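In what follows, a single structure is set out as structure tokens and then discussed.
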Amino acid sequence: MLDIEVCYAQADKQELVRLRLPAGATVEQALQASGLLGKYPEIDLEKNKFGIYAKLAKSDAVLRDRDRVEIYRPLLADPKAVRRQRAAEGKTMKKGAAAD
């Protein structure tokens, strides 16, 4: 048996579900067993990305004991587009500092 965690973070809260799954279980099986897909209808197996400890993983990836499956939300803004916009406005970012 595998001890697995499935987590989904929203802007205001984080949901963490601990599961015991049989050896050979996949990311998709963990997502289905967690109950988070029914609780949060915005999670779409086709559109959302998933990871295991911050490394992108496909839904058919086989899990190992003590893995944490993470459900990623889509970005609100494209980081490259934001940087281009700042550059066009003449703003600069210093490492570790906020924009002027």
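So for segment 46-58 (the condition being modelled with pLDDT of 90 or more, crowded, with 17+ Cβ neighbours inside 10 Å, assigned to a strand (DSSP E or B) and over 14 Å from the mean Cα position of the chain (by Cα)), does at least one residue qualify? Checking segment 46-58: not a single residue is modelled with pLDDT of 90 or more, crowded, with 17+ Cβ neighbours inside 10 Å, assigned to a strand (DSSP E or B) and over 14 Å from the mean Cα position of the chain (by Cα).
Apart from one condition, residue 100 fits all of (1) at pLDDT 80 or above; (2) part of a loop (DSSP other than H, G, I, E, B); (3) surrounded by fewer than 14 Cβ atoms within 10 Å (Cβ to Cβ); the exception is (1). The single condition among (1) touching a residue at least 40 places away in the same chain (Cβ under 8 Å); (2) open to solvent by 100 Å² or more (accessible area, probe 1.4 Å) that residue 65 does not satisfy is (2). Looking at segment 77-85, is at least one residue crowded, with 16+ Cβ neighbours inside 10 Å and either assigned to a loop (DSSP other than H, G, I, E, B) or among the β-branched types (Val, Ile, Thr) (or both)? Scanning segment 77-85, I find no residue that is crowded, with 16+ Cβ neighbours inside 10 Å and either assigned to a loop (DSSP other than H, G, I, E, B) or among the β-branched types (Val, Ile, Thr) (or both), so the answer is no.
The values are calculated or read from the model by the stated rules, or taken from the named source; none is laboratory data. Owing to the predicted nature of the structure, the values given are computational and were not obtained by experimental measurement. In this analysis, Cβ positions are derived from the backbone assuming ideal geometry, glycine residues included, and neighbour counts consider all displayed protein chains. Heads up: the accessible areas ignore ligands, DNA and RNA and are worked out on the full protein's heavy atoms, side chains in. Shrake-Rupley method; radii C 1.70, N 1.55, O 1.52, S 1.80 Å.
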